[in-house]
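As structure tokens, the structure follows; a few thoughts come after it.
Every read-out reported here was derived from the displayed coordinates using simple, explicitly stated rules and does not represent laboratory data. Everything quoted here is computed from the prediction, not taken from an experiment. Here the Cβ positions follow ideal geometry from the backbone for every residue, glycine too, while neighbour counts run over all protein chains shown.
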Amino acid sequence: MSKDQETAVVTGAARGIGKGIVERLVADGYRVIALDRLEEVHDVAAQLRSAGATVEAVSIDIRDRAAIATVMDQFGPIDVIVNNAAITSTHRFEDLTEEHFRENFDINTVGTFIVAQEGARRMRNGGRIVNIASRSFAGASQMAHYVASKAAVVGLTRAMAIDLSPRDIRVNAVAPGVVDTEMLHYMTPERQREMLSLQLLGRIGQPEDIARAVAFLASKDNRYITGQVLIVDGGRSLGQGQLPPEDAPNA
Ligand SMILES: NC(=O)c1ccc[n+]([C@@H]2O[C@H](COP(=O)([O-])OP(=O)(O)OC[C@H]3O[C@@H](n4cnc5c(N)ncnc54)[C@H](O)[C@@H]3O)[C@@H](O)[C@H]2O)c1
């Protein structure tokens, strides 16, 4: 590890968007600490290491504060934290159980808080934190538990940006729209087709699309942006699909 190399911690790094973020941060020259409760996180790290990257993997549950603190002590000081690990599911509101609701909060919101706090305690001044929210923080069907947990992540991001500003730590959120990962595989092919028809740019997002936005907010280039939510959804949240061109009225 060179003297100038920065260290980035990424949660939920075994697959999907988290894996895409690890690959991007490695390409940008960071030493990456990849965390996930799935053992596959070791395969991700091994593959990148064989290509010359500096990556460490730890199997860990982000809710385990003592284990997170140990990892931060072992690999700190930290320059960047990307809080990406989360779960989701769909349920009719009438059937949504308190257990589902609490579990989503426990992982998506409290887990994010734990990693951010233990990381911030060991972060160099001038560090950056990126929390992965979801475009659905503004509302989504049959996901009240997930929507509420991600709206809380947005609130947490804004509050952290204020509280950590004296140390010049910039804290932002990225809110992805629909991205092609295992998280989407619970959808029927019909629902996936419907989703595609709603995408203004004509395609479902790829993990790399999210990783690019994260990479900017996590970088030293982000000098003056904090407390913001960057929606990365191919324009879907504009609420308007493409209409066929109309004949010019006065032609
Ligand atoms: N895929 C999408 O369409 C989409 C849309 C909006 C937001 N997001 C957000 O992007 C992030 C990544 O989503 P994804 O689609 O890659 O999901 P994914 O399910 O493919 O990956 C999530 C990863 O987080 C890990 N994880 C979950 N709970 C954990 C815990 N308690 N401790 C440690 N690791 C844990 C999982 O093992 C998994 O590897 C999530 O925050 C998700 O809410 C995804």
Inset, instruction - Sum up the charges of everything whose Cβ sits under 12 Å from the Cβ of V229, counting Lys and Arg as +1 and Asp and Glu as -1, but leave V229 out. - result: +2
Inset, instruction - Determine Rg/Rh for the stretch 187-239; Rg is computed over alpha-carbon atoms and Rh is the Kirkwood hydrodynamic estimate from the same atoms. - result: 1.09
Inset, instruction - Rounded to whole Å and ordered largest first, report the semi-axes of the equivalent ellipsoid of the chain derived from its Cα gyration tensor (root of 5λ). - result: 31, 21, 19
Legend entry - the chain: relative contact order as a whole-number percent, Cα under 8 Å and 6+ apart: 19 percent
Legend entry - Under 18 Å from K19, Cα to Cα: aspartates and glutamates that are on another chain or at least 8 residues apart: D28, D36, E39, E40, D43, E56, D61, D180, E182, E208, D209
